[in-house]
Amino acid sequence: MDESRRPLLRMEGISKHFGATCALEAVDFDLQRGEVHALVGENGAGKSTLIKILSGAVRPDQGTIWLGGRRFAPASPLESRRAGISVIYQELNLAPHLTVEENITLGREWHAYGFIRRRRMREKVREVLSLVHHQEIAPDIPVQQLGMAARQIVEIARALLEQARILVMDEPTSSLTGEDSQRLFGIIRRLKSQDVSIIYISHFLEEVQEVADRITVLRDGQKAGSGRSEEISLDRIIGMMVGGEVKEMFPRVAHQPGPEALLASEFKGKRMPAAVTLSLRRGEIFGIAGLVGSGRTEFLRAVFGLDMVEGGWVRVGGDEILTGGPRERIRNGLGLLSEDRQGEGLALSLSIVDNLTLSFFAPYVRLGFLRVGRQKKAGWDWIQRMKIKATGPTQPVQSLSGGNQQKVALARLRHQNADVFLLDEPTRGIDIVSKSQIYEWMGELASRGKSILFVSSYFPELLGVCDRIAVFHRGQQVDVRPTEEWDEEGLLAAATTGRSEAL
């Protein structure tokens with residue numbers, strides 16, 4: 001075979017079982033030199049397992065991997081890295097207390113005569129940050145001071161430093177603005193021209209069609225189909241993912257906003273750039289649009305008591321909340337879904353049922369003792385209600401796919417019977433079917449008089465499910481309008497310029 005046409009990577013008949021659960025069944029996948037090959041599918045379809053096998057983190061039960069024409073069976077992630085395979089996972093793997101430079105060069109330090117060449121390291125870090133057009137990220141700043149989008153850039157820069165010949169990107173744009181996403185696509189095109197091959201995993205199917213040369217779809221651990229991007233329509237991709245047809249992307253459940261449920265008046269948290277005044281009604285889905293760094297997340301954190309309040313006040317159900325932290329906010333009927341699912345939203349080492357009931361143990365305690373049987377029964381009920389793919393309520397949350405972890409985090413808020421839901425990017429990293437389910441659940445909650453503050457960088461979903469939308473820009477609330485008075489172009493203009501113009 002002509003060497004230029006031989007696949008750089010070929011995975012044949014890959015199978016993997018975890019107990020009784022079949023994660024992969026005889027999956028074939030290949031990757032050409034200088035190609036972007038997208039891997040898509042619902043959460044739990046087997047994408048992460050396939051990548052973990054390639055990275056050496058998991059060993060397959062059956063199947064063969066060929067790399068550069070030679071048989072390849074990595075025994076560890078280090079062995080895979082040394083073979084030129086670098087993985088950027090959706091849940092970032094950074095050390096928050098270390099600086100940007102230390103994170104990028106961690107395990108890749110330059111030495112000379114037993115001493116670390118810090119000047120050389122600093123030069124290389126600036127080079128890779130320049131490659132991703134983010135020279136403004138200072139190498140000496142601790143990563144914990146960066147937002148999620150900037151942390152994503154640091155992770156990408158770390159992979160680029162290794163000069164990998166195969167780069168795996170798992171939901172790389174999930175925390176990026178549209179502008180940063182386009183910058184990333186430019187980087188991908190540049191890497192392709194240098195014969196770097198990329199496996200691209202994303203739930204944003206429009207961007208998959210834009211950036212990928214080929215697309216492979218997995219469903220329930222099996223290969224559902226594959227083909228050239230220009231030859232596969234969006235509807236066909238979705239059909240292969242779900243084994244049928246999604247009837248409605250943004251299902252609407254009838255609900256009627258009522259009296260005020262929450263009012264923030266000249267409210268300012270320590271990390272908020274400016275004070276905000278905002279009202280939320282009972283039975284309302286209120287969208288907050290804006291780019292990363294606009295102050296949306298900081299507003300929700302301050303309302304929930306995670307950040308110190310510096311001015312103004314919040315009134316929930318007629319009662320002002322001036323002091324206290326998350327425990328008091330939960331008692332006042334508030335529930336927060338953090339954008340940092342694994343860092344703040346879940347206790348990964350605990351089971352599904354423990355995470356579900358963590359903020360509301362009362363129904364399962366009697367005379368000071370935990371009624372484990374009753375707790376597990378409730379866990380099974382919520383697994384079925386939220387359509388969580390799991391073996392049972394005692395399964396550790398860290399063993400679930402990202403989308404199913406998100407469902408557990410949402411189930412906890414529903415279980416604690418919150419009245420006001422503060423949802424920060426609830427569909428980040430979620431497949432198209434799960435997104436539709438979450439939109440429907442939001443509508444059902446609103447129909448029962450629950451109130452929802454819905455923060456999102458993905459404007460189509462705000463337009464699809466919200467009653468009103470506010471736009472934030474550099475901490476300022478630019479405008480609030482009924483959803484029918486907005487369109488995607490108007491939201492983007494207000495979010496990027498801070499100016500709102502009438503349609």
_Working only with C-alpha atoms, what are the Rg and Dmax values of segment 286-376, expressed in angstrom?_
16.1, 49
*Could you give the radius of gyration (one decimal) and Dmax (whole number) of the Cα atoms in segment 201-274, in Å?*
20.6, 54
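For every other residue with a beta carbon closer than 10 angstrom to the beta carbon of Phe72, add +1 if it is Lys or Arg and -1 if Asp or Glu, then tell me the sum. Write out the running numbers ahead of the final one.
Values: positive: Arg10, Arg70, Arg71; negative: Glu79.
So the surrounding residues net to +2.
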*Heavy atoms only, probe 1.4 Å: what % of the accessible area of the chain goes to carbon and sulfur, would you let me know?*
47
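For the chain, what relative contact order do you get, as a whole percent, if you take Cα pairs closer than 8 Å and at least 6 residues apart?
Numbers: 1009 pairs, mean separation 79.5, N = 503.
Over the chain, the number comes to 16 percent.
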*Which of Glu79, Glu155 is most accessible, then next, and so on - probe 1.4 Å*: Glu79, Glu155
*Å³ per residue of the Cα convex hull, for segment 1-87?*
98
*So for Arg282, Arg183, what's the accessible-area order with a 1.4 Å probe, most first?*
Arg282, Arg183
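Which semi-axis lengths, in whole Å and largest first, follow from the square roots of five times the eigenvalues of the Cα gyration tensor of segment 232-383? The partial results should precede the final answer.
On the way: eigenvalues 182, 147, 58 Å².
Over the Cα atoms of segment 232-383, the semi-axes work out to 30, 27, 17 Å.
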*Kirkwood-Stokes translational diffusion coefficient of the chain, alpha-carbon pairs, 37 °C, 0.692 mPa s, µm²/s*: 136
*Gyration tensor verdict on segment 167-310 (Cα atoms; rounded if a/c is under 1.5, prolate if a/b is larger than b/c, oblate otherwise)*: oblate
*Taking only protein heavy atoms and a 1.4 Å probe, what accessible area per residue, in Å², does segment 253-346 have with all protein chains in place?*
42
*Nearest-5 percent of antiparallel DSSP beta bridges in the chain?*
55
*Could you work out how far helix 488-497 tilts from the main Cα principal axis of the chain, as a 0 to 90 degree angle to the nearest 10?*
90
*Could you rank Arg468, Arg119, Arg281 by how accessible they are, 1.4 Å probe, largest area first?*
Arg119, Arg281, Arg468
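Would segment 361-503 count as rounded, prolate or oblate if I go by the C-alpha gyration tensor, calling it rounded below 1.5 in a/c and otherwise prolate when a/b exceeds b/c, oblate otherwise?
Prolate, since a/c reaches 1.5 and a/b exceeds b/c.
Whole number in Å², please: accessible area per residue of segment 385-471, 1.4 Å probe, ligands, DNA and RNA not counted. Walk me through the numbers on the way to the answer.
Working: 2170 Å² over 87 residues.
On a per-residue basis, segment 385-471 sits at 25 Å².
To the nearest 500 deg cm²/dmol, what mean residue ellipticity at 222 nm is calculated for the chain from DSSP H runs of n ≥ 4 alone, each contributing -39,500 (n - 2.57), summed and divided by the residues?
Details: 16 runs with 162 residues, N = 503.
Helix-only estimate at 222 nm: -9500 deg cm²/dmol.
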*Give me the percent of Cα-Cα pairs in segment 41-97 that sit more than 13 Å apart, rounded to a whole number.*
66
*Measure up Lys376/Lys407; Lys47/Lys435; Lys16/Lys47; Lys268/Lys450; Lys52/Lys435 against 22 Å on the Cα-Cα distance and list the ones that go over.*
Lys268/Lys450; Lys52/Lys435
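The values are calculated or read from the model by the stated rules, or taken from the named source; none is laboratory data. Predicted, not measured: the structure shown is a model, and the values here were computed from it. Cβ sites come from the backbone with ideal geometry, for glycine too, and all protein chains shown count toward neighbours. Areas reflect the complete protein model, heavy atoms only, side chains present, ligands, DNA and RNA absent. Shrake-Rupley method; radii C 1.70, N 1.55, O 1.52, S 1.80 Å.
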